[in-house]
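A.B. asks: A single structure is presented below for examination.
The values are calculated or read from the model by the stated rules, or taken from the named source; none is laboratory data. Owing to the predicted nature of the structure, the values given are computational and were not obtained by experimental measurement. Quick reminder, even Gly has a Cβ in these numbers, built from the backbone with ideal geometry, and neighbours come from all protein chains shown.
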Amino acid sequence: MDKILFPSLSLLSGSFALSDELEHIKQSIKTIVLTQKTSVIGEPDFGTNISKYLDKPVNEENILDIMTDIIPAIMKYEPRISVKRIQPVIDKTKIYIKIEFSYNNANYEVEV
């Protein structure tokens, strides 16, 4: 028999709703950025193509291409937020992307 799951009472009262929603948004951004385009059945445009940069040199051109790929994907698939800034964080041979966004008139960030 299937079970019907309901949100916890704390969510219904609203005391944890914003933090849970914010964590969901951050996870959603990470999922969008790290999912390879064409890998989701029925949503071939979902995600990015940043995996093609895995073995590429860390240079300005590749960083710009990565950020150019990320911005429209987030804007399309996470309409609850407004992207304020995307900034690469370079750690020797690794690139992390810091995404600053606004949600409910407040600013937040997530690192991917």
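Residues checked against (1) over 25 Å from Thr93 (Cβ atoms); (2) modelled with pLDDT under 95; (3) of a type outside the set (A, V, I, L, M, F, W, C):
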| site | (1), (2), (3) |
| --- | --- |
| Glu21 | yes, yes, yes |
| Ile29 | no, no, no |
| Lys56 | no, yes, yes |
| Asp65 | no, yes, yes |
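A.B. asks: Report, by residue number, each residue of segment 35-64 that is closer than 17 Å to Val83 by Cα and loosely packed, with under 13 Cβ neighbours inside 10 Å.
C.D. replies: Here is the first cut: in segment 35-64, the ones closer than 17 Å to Val83 by Cα are 47-48, 64.
Selection gives Leu64 alone.
A.B. asks: Is at least one residue of segment 23-39 more than 15 Å from the chain's Cα centre (by Cα) and not in a helix (DSSP H, G or I)?
C.D. replies: Of the residues in segment 23-39, the ones more than 15 Å from the chain's Cα centre (by Cα) are 38-39.
From what is left, the residues that are not in a helix (DSSP H, G or I) are 38-39.
Within segment 23-39, one or more residues are more than 15 Å from the chain's Cα centre (by Cα) and not in a helix (DSSP H, G or I).
A.B. asks: I'd like the residue in segment 40-56 that is touching a residue at least 24 places away in the same chain (Cβ under 8 Å) and either in contact with a Leu (Cβ under 6 Å, 6 or more places away or on another chain) or part of a loop (DSSP other than H, G, I, E, B) (or both) and, out of all such residues, is farthest from Val112 (Cα to Cα).
C.D. replies: Step by step, filter segment 40-56, then rank; the result is Asp45.
A.B. asks: Still on this model: Please pick out the residue among Lys98, Lys92, Lys84, Lys76 that is within 18 Å of Thr35 (Cβ to Cβ) and either of a type in the set (Lys, Arg) or touching a Leu at 6+ places or on another chain (Cβ under 9 Å) (or both).
C.D. replies: Values: Lys98 fails: within 18 Å of Thr35 (Cβ to Cβ); Lys92 fails: within 18 Å of Thr35 (Cβ to Cβ); Lys84 fails: within 18 Å of Thr35 (Cβ to Cβ).
Result of the check over Lys98, Lys92, Lys84, Lys76: Lys76.
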